[in-house]
Amino acid sequence: IINQNGWTAFAEEGERNWICRTHQGNHYAQVTAFNSVDPTNVMWMITPPIDLDAMSNPVFEFESAKAFYTHDGFSLWISTNFDGNNVTGATWDPLDARLVEAGDPDNTWIHSGLIDLSVYSGIVHIAWRYEAEEPIGNTGTFRVDNVKLYDDN
């Protein structure tokens, strides 16, 4: 489970969670509900706290990939009030990013685009959320890699 260096993995529903995988020496985060014993899985992977006031023009980017696409259950969120513990008690707003989708080739890294965070201030957390339902076969696999945050001034 990804719970190191300030990162948080949280299973809101079901037993599954985000994990670290390695392929050909490349480490990345992965989530899937394939063969889950739970009817529903909702999993969050959340960044450590990000101090946007320390940057004049904060930019966020990453890559995502998929395999065995079955549904559109992968999304990106931001919170200005996540306390580091209570995921469901925080307010989460969707972030606009290019996420891997059905028409993209399996196992191909797709760039998110440059996500301008300058409209936010203070401490924020960014989260990838995965929702799946095993009984109806919505169990696709999603991956995240090359996460970057920098001041583009």
*Quick one: is Ala90 over 21 Å from Val124 (Cα atoms), open to solvent by less than 20 Å² (accessible area, probe 1.4 Å) and in contact with a Ser or Thr (Cβ under 8 Å, 6 or more places away or on another chain)?*
no
_Hits in the range 44-65 - residues which are open to solvent by less than 10 Å² (accessible area, probe 1.4 Å) and either without any contact (Cβ under 8 Å) to a residue 40 or more places away in the chain or within 30 Å of Ala33 (Cα to Cα) (or both)_ = Met45, Ile46, Thr47, Phe60, Phe62, Ser64, Ala65
*Search result, residues across the range 124-140 that are among the hydrophobic types (A, V, I, L, M, F, W, C) and open to solvent by less than 10 Å² (accessible area, probe 1.4 Å)*: Val124, Ile126, Ala127, Trp128, Ala132
*What number of residues within the range 60-81 satisfy the criterion of being of a type in the set (A, V, I, L, M, F, W, C) and more than 16 Å from the chain's Cα centre (by Cα)?*
1
*Quick one: Asn107 ticks every box in (1) under 15 Å from Gln30 (Cα atoms); (2) open to solvent by 70 Å² or more (accessible area, probe 1.4 Å); (3) touching an Asp or Glu at 6+ places or on another chain (Cβ under 9 Å); (4) not hydroxyl-bearing (Ser, Thr, Tyr) bar one, so which box is it?*
(3)
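The values are calculated or read from the model by the stated rules, or taken from the named source; none is laboratory data. Predicted, not measured: the structure shown is a model, and the values here were computed from it. With ideal geometry, Cβ positions are generated from the backbone for all residues, glycine too; neighbour counts draw on all protein chains shown. Quick note on the areas: whole protein, heavy atoms, side chains included, nothing else; ligands and nucleic acids left out. Shrake-Rupley method; radii C 1.70, N 1.55, O 1.52, S 1.80 Å.
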